[in-house]
Amino acid sequence: MKIQPLLFASALLLMGLGIVTLFAPDEVAGLLSRSGHATSGVLVQLLAGALFALGILDWMNRYATIGGIYGRPVVLANFALFFITTTTLARLALATGAGVALWGATGLCAVLAALYARLFFGAPAGGKS
């Protein structure tokens with residue numbers, strides 16, 4: 001079986017972000033807060049659960065054939081996450097005149113969204129499962 005590099009990388013990224021946000025919710029909430037608007041640590045932990053769960057889904061499917069009609073739910077879930085994240089971060093970056101870190105995160109999410117869109121509308125990646 002051949003590992004799917006995109007699912008492998010997404011799994012590591014999402015599980016890593018999920019673990020960080022789960023165990024340091026107040027610090028992450030401080031980074032996400034805008035001036036005058038507090039972000040709840042509980043909401044950050046709920047976000048952590050969602051990120052970690054999607055990371056586990058990617059990890060469990062890292063050897064599966066994806067693309068085309070194969071693995072559509074996994075590909076579509078990842079595409080939705082990364083597309084929505086890209087648009088949200090881009091809107092925030094444009095509104096606040098953000099720095100390099102926010103634009104870098106936006107770019108990374110945009111690349112992942114584009115790769116998942118290509119898989120969703122293209123031919124299967126990898127060989128037989």
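The values are calculated or read from the model by the stated rules, or taken from the named source; none is laboratory data. Keep in mind it's a predicted model, so treat the numbers as computed, not measured. Cβ coordinates were reconstructed from backbone atoms using ideal geometry, including for glycine residues, and neighbour counts include every protein chain displayed. All accessible areas refer to the heavy atoms of the entire protein, side chains included, with ligands and DNA or RNA removed. Shrake-Rupley method; radii C 1.70, N 1.55, O 1.52, S 1.80 Å.
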With respect to Arg34, determine if the residue is farther than 18 Å from Met15 by Cα, open to solvent by 50 Å² or more (accessible area, probe 1.4 Å) and at pLDDT 90 or above. no
Say whether the condition of being more than 24 Å from Leu22 (Cα to Cα), without any contact (Cβ under 8 Å) to a residue 60 or more places away in the chain and basic (Lys, Arg) is met by at least one residue in region 80-96. yes
Is there a residue in region 66-79 that is crowded, with 20+ Cβ neighbours inside 10 Å and on the phi > 0 side of the Ramachandran plot? yes
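Condition first: touching a residue at least 24 places away in the same chain (Cβ under 8 Å) and under 20 Å from Leu12 (Cα atoms). Can you find one or more residues in region 97-105 that meet it? Walk me through it before giving the result.
Of the residues in region 97-105, the ones touching a residue at least 24 places away in the same chain (Cβ under 8 Å) are none.
For region 97-105, residues touching a residue at least 24 places away in the same chain (Cβ under 8 Å) and under 20 Å from Leu12 (Cα atoms): absent.
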Does region 86-106 hold any residues that are in contact with a helix residue (DSSP H, G or I) (Cβ under 9 Å, 6 or more places away or on another chain), modelled with pLDDT under 95 and open to solvent by less than 50 Å² (accessible area, probe 1.4 Å), and which are they? Leu89, Ala90, Ala93, Ala98, Gly99, Leu102, Ala105, Thr106
Conditions (1) over 15 Å from the mean Cα position of the chain (by Cα); (2) open to solvent by 60 Å² or more (accessible area, probe 1.4 Å) -> Ile56 fails only (1)
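Have a look at Leu47, Leu22, Leu17, Leu43 and point out the one that is open to solvent by 90 Å² or more (accessible area, probe 1.4 Å), free of Cβ contacts under 8 Å to residues at least 40 places away in the same chain and within 26 Å of Ala98 (Cα to Cα).
Values: Leu47 fails: open to solvent by 90 Å² or more (accessible area, probe 1.4 Å); Leu22 fails: open to solvent by 90 Å² or more (accessible area, probe 1.4 Å); Leu17 fails: open to solvent by 90 Å² or more (accessible area, probe 1.4 Å).
Exactly one of Leu47, Leu22, Leu17, Leu43 is open to solvent by 90 Å² or more (accessible area, probe 1.4 Å), free of Cβ contacts under 8 Å to residues at least 40 places away in the same chain and within 26 Å of Ala98 (Cα to Cα), namely Leu43.
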